[in-house]
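Let me begin by presenting the structure, written as structure tokens, before commenting on it.
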Amino acid sequence: VEKMQKKSVKEFLNEQDENNSTIVLLDQLEDSQNVGAIFRSALAFNINGIILTENQSVNENGFIAKAASGGLDKVPFTYISNLASAIKTLKDNGYWVYGLDGKAEKEIYKINFPNKTVLVLGSESDGMRKITTNLCDELIKIKINDQLESLNVSNSAAVAFFHLDQNLKK
């Protein structure tokens, strides 16, 4: 099987519903299991597409496909080389960009998400880069027990996708 052809962000957005779309942007995730699990959760909770960064990120492979359990084939995705440019294009197309950050003040369940939402998830070890944080319209967090510093990124994704899906069904 050949790898999927890379699409530009504009081509990717042309395939999205222009009024209702939830997109996830994965910033430098390096673990195939995590990325695959994120695709699986994206399919389960009606995420419309995933954008991955090309640099310092895992490329599609058998481990991702296995962990995704069909999500890799059913959730549209593309790779980008310039995060700032991609976020600008998303904003220019009416998307509101949320960054998931454990240090944020606002909790995810208190957000009334717009019809066109982007959720940014940072790397397993460092979270979102400073440049990425600065490009987000708003930072949000998942409230967890104080005895734990953070969740695994794929677990955080599943919880966040559930909240997004429930919020957008209202």
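Rule-based calculations on the coordinates, nothing more; no lab input. Remember, it's a predicted structure, so these values are computed and weren't measured experimentally. Don't worry about glycine lacking a Cβ; one is built from the backbone with ideal geometry, like all the others, and counts go over all protein chains shown.
Provide the net charge surrounding Lys106, with neighbours chosen by a C-beta distance below 15 Å and charges set as Lys +1, Arg +1, Asp -1, Glu -1.
-1
Along the Cα→Cβ direction, 7 angstrom out, place labels at Lys91 and Glu138. What is the inter-label distance in nm?
1.5
Among the DSSP beta bridges whose two residues both lie in the chain, what percent are antiparallel, rounded to the nearest 5?
5
I want the local charge near Ser154. Using Cβ-Cβ distances under 12 Å, sum +1 for each Lys or Arg and -1 for each Asp or Glu among the other residues.
-1
If I model a spin label as a point 7 Å beyond the Cα along the Cα-Cβ vector, how far apart are those points for Phe162 and Asn20 in nm?
2.3
Return the FRET efficiency for the residue pair Asn145, Asn115: r is the Cβ-Cβ distance, R0 is 22 Å, and the value is rounded to the nearest 0.05. The partial results should precede the final answer.
Numbers: r = 32 Å, r/R0 = 1.47.
The value I calculate is 0.10.
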